[in-house]
Amino acid sequence: MTDITPLPAATEDDHYGEIAVELLGDQRETLVVSGERIPTITLVRAPGAEVDDHIVIGTRDPQHLTLTVDGDAATITPAKGKLRRQSYRVDVTYAGTSYRLVPDSIPTSRLTRDGKHLGDFSSDGDRRVIAEWQEGVSVEPLDAAIGYALSAAFGTGGQPMWMMAVDAVSAALP
């Protein structure tokens with residue numbers, strides 16, 4: 001029998017070296033982000049949760065997601081993902097710190113820690129993530145780990161509402 005588990009997607013981060021993103025499990029229900037100089041983030045989709053194939057981790061329902069940082073529980077709250085870019089935000093709270101990943105252009109999403117812009121992430125849903133850190137901002141290992149995990153699990157970027165409206169009207173025309 002051949003093992004069909006995909007190899008980890010690895011990215012070379014300017015601050016933290018090689019960061020691996022793995023999608024594990026028979027139903028690809030576990031996403032693990034790890035590296036030599038960052039904490040390990042594990043995001044798990046609950047068994048039996050309805051799976052949306054457009055989302056790498058399979059769901060945006062916070063009741064069906066568990067996030068840990070080196071084994072310690074964190075709170076994850078993805079928004080529903082409707083028309084506006086803001087509705088695709090994902091919030092994480094860990095050890096009194098609040099993180100948010102929110103689309104800010106077609107290809108990228110902005111990562112903030114307690115409201116401060118740390119960097120921009122891009123990912124096409126293939127588990128490969130690119131981070132561009134803000135100059136002059138202190139980026140911690142946890143910041144990088146959370147940014148890579150959220151970007152890989154939920155993707156980045158989004159069309160502006162006006163562009164989605166034009167697409168919907170165009171699709172409705174004969």
**Asked** Taking the condition open to solvent by less than 60 Å² (accessible area, probe 1.4 Å) and of a type in the set (Asp, Glu), does Glu18 pass?
**Response** no
**Request:** Residues being outside any strand (DSSP E or B) and surrounded by 15 or more Cβ atoms within 10 Å (Cβ to Cβ): count how many of those fall in the range 92-122.
**Result:** 3
**Asked** Would you pick out the residues in the range 123-148 that are assigned to a strand (DSSP E or B) and either closer than 10 Å to His15 by Cβ or open to solvent by less than 30 Å² (accessible area, probe 1.4 Å) (or both)?
**Response** Ser123, Val129, Ala131, Trp133
**Prompt:** Going through the range 61-82 one residue at a time, which ones are modelled with pLDDT under 95 and surrounded by 14 or more Cβ atoms within 10 Å (Cβ to Cβ)?
**Reply:** Ala79, Gly81
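The values are calculated or read from the model by the stated rules, or taken from the named source; none is laboratory data. The structure presented is a predicted model; accordingly, all values stated were derived computationally and were not measured. All Cβ positions, glycine included, derive from the backbone under ideal geometry; neighbour counts span all protein chains shown. Accessible surface is based on the protein model in full, side chains and every heavy atom, while ligands, DNA and RNA are left aside. Shrake-Rupley method; radii C 1.70, N 1.55, O 1.52, S 1.80 Å.
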